[in-house]
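Right, one structure below, let's go through it.
The values are calculated or read from the model by the stated rules, or taken from the named source; none is laboratory data. Not measured: the values here are computed from a predicted model. A quick note on method: Cβ atoms are made from the backbone with ideal geometry, for glycine too, and the neighbour counts reach across all protein chains shown. Just so you know, the surface numbers come from the protein's heavy atoms only, side chains and all, with ligands and any DNA or RNA stripped out. Shrake-Rupley method; radii C 1.70, N 1.55, O 1.52, S 1.80 Å.
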Amino acid sequence: MIDIPLSATSSRTCDGVSRRSMLRVGSLALGGLSMASWARSAAADGTGDRPKKAVIQIWQAGGPSHIDMYDLKPAAPAEYRGEFRPITTNVGGIVIGEHLPYQSQVMDKLAIVRSAFHTNAGHGMGSQWMLTGWQPTIEVDNNVYPSCGSIVARLRGANSPELPAYVNLPRMLNLGKSAYLGASFNPFAPDNDPNNDGFQVRNLKLPGRVDLSRLENRRSLIGKLDTVRRDLDAQGDMKEVDKFYAQGLDMVTNDRALKAFDIKAEAPALRDRYGRNDLGQSCLLARRLVEAGVTYITIQAGGGWDTHGDNFKQLKDNLLPKYDRALAALVTDLSDRGLTKDVLVMAFGEFGRTPRINPGAGRDHWPGAMSVVMAGGGLKMGQAIGETDSKAEYPISKPYSPGCVLSTMYHVLGVDYRHNFFDQAQRPLAVLPEGTPIPELI
C-alpha cells in the first residue's frame, strides 16, 4: 500500500508562511521506493519529432531587490539608491548592479524585464500569483491554483517517457503543486542537496535483495489486493495512486533517471564554475535533467531574499555571489551545448522590494515593481525591457503582469495558456486569467 503523509520543514518568511515540502509518497510495493510524487502526462508518449522544449525556473523566494540588482537608480536620493553602484555589461547601454559581474559578461544572452508588477505584498499570495498566474483571495500556504510546472506536466508531459515531466530542486516547493489537477501532477523532488558529497536521489535503486522478477510479482499481488480499494473509491484518488505505482516502477526498472541525477559525472571544473553550493549545483543538475528529458524544473534559490534588515550585507556577502555565478554558468553552459533555442531560463521571486530603505538598513515587500530575468528559449536576448520611475517604484513604460510573464513561458513550450480546466466544483478555469506574451521577447 502507499501512505501519503504530510511533512514540513521549518523554513519561514517574515510573515510566518512556511516553505514546506507537502506531499510525499511512501513505500512502493514493499520494494522500498520512497519518492515525492512525480508526473508524466499521456501527451509525453508518441510525440516523436516534437521539439524538446524545457524550462528552468530559478525561484527567489522572499522577493529579490530589483533596485539593487537590475534596476539601479544612481541619481535617486541616498535613502532610495542604496549602497550599490551600476556596472556596464557586454551590451552597450545596459547596466546592472556591481555584485552581478558574471551576468554582466553574458548580458547578450539575457533579457531583463524591468517593468513587471502586481498588487499583492503578501508572501503566500504573491508567490501563488507568480507561480500560477492567479491571485488568490486569501493568504494560504498551499496551492489553490495549479503551479506552472503542474500545468506543463498535464498539458505537455515529459520530453522522455523515462523521466518526470516536472521536478523541484533540491526539495519540494511549497506553492509548486498541482491543486485540482490531481496528485499525479505534483513535482518530483530528490529532497537532498546536490552539493552534498553523498548526494543521491533516495531509493532510485532497488534494494539488493529485490530483483526485477520479485518486483514484478509484488506488483501483480498489490494490483489484486488493491482492486477492492479502487472499487470503493468514489473520488478517483486511487487512480492517482495507481499512476504513482506505474511511474515509480518505470524509474527503478531503467537507469535513465539514475544517470540523469548523477551529478558526480560532471567534471569538477564545471561544478566549480557553477559554484559549490546548493543553488549552483541545483542549476547544474537542472541542466542534466533537461538534457535527459525533464520538461519543467523549479529551483529554490536558497531562500533568504526577504531582506527586511541588513539588505546590502545579505546581498553582497551571500545571496548575489551565489546567484550571479550560478545563473551565468547555467546560461553559458546551455549555450555551449546548443540548447539556447530549446531551454528557457527564468529568474524571479514573488515581488520586488521597497525602493525606500527602512530604518534597519533593509527593504520591505514591494509588488509595485520587480525585475524578471529570462534567457534562451528562442526569445530575443540582449535587451532590457520596460522602465520604472526615478525611484524604481512603478513602471512608467511597458508594464507587464504575472500573466504576461507566464504566457511568454507557455508560448516557448507550445502550451495553450487559454486552455480551460475544471476544478472540483466543475467551474471552468483557464490556465491563465489574463496576460499575453511579452512582444519584445517574441
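A few points about this structure:
- Hey, Y145 hydroxyl-bearing (S, T, Y) and more than 20 Å from L344 (Cα to Cα) or not: yes
- Scanning the stretch 280-310 for residues that are small (G, A, S), open to solvent by less than 10 Å² (accessible area, probe 1.4 Å) and farther than 15 Å from G62 by Cβ yields a total of 4.
- When the stretch 69-98 is filtered for residues that are on the phi > 0 side of the Ramachandran plot and surrounded by fewer than 17 Cβ atoms within 10 Å (Cβ to Cβ), only G93 remains.
- Residue within the stretch 68-76 that is of a type in the set (A, V, I, L, M) and either closer than 23 Å to V405 by Cβ or modelled with pLDDT under 95 (or both) present: yes
- The stretch 151-180 residues that are farther than 17 Å from H419 by Cβ, paired with ones that are in a loop (DSSP other than H, G, I, E, B) and basic (K, R) (beta carbon under 7 Å, 6 or more apart): A158/R40; N159/K52; P161/R40; P164/R40; N174/R19; N174/R20
- First in the stretch 327-349 and closer than 14 Å to L379 by Cα, second anywhere and modelled with pLDDT under 95, Cβ under 7 Å, 6 or more apart: D342/P51; D342/K52
- Any hit, the stretch 377-389, residues being part of a strand (DSSP E or B), over 16 Å from K109 (Cα atoms), more than 21 Å from the chain's Cα centre (by Cα) and modelled with pLDDT of 95 or more: yes
- Applying the condition of being hydroxyl-bearing (S, T, Y) and crowded, with 23+ Cβ neighbours inside 10 Å to the stretch 355-399 and asking which residue is farthest from N90 (Cα to Cα) yields T388.
- Exactly one residue out of G157, G149, G126, G198 is part of a loop (DSSP other than H, G, I, E, B) and open to solvent by less than 20 Å² (accessible area, probe 1.4 Å), and it is G157.
- The stretch 72-92, residues that are in a loop (DSSP other than H, G, I, E, B), closer than 28 Å to G377 by Cα and in contact with a strand residue (DSSP E or B) (Cβ under 8 Å, 6 or more places away or on another chain): L72, T89, V91
- Against the conditions (1) within 17 Å of the chain's Cα centre (by Cα); (2) in a loop (DSSP other than H, G, I, E, B), T137 satisfies every one except (1).
- Check on I138, buried (at least 24 other Cβ atoms within 10 Å of the Cβ) and hydrophobic (A, V, I, L, M, F, W, C): no
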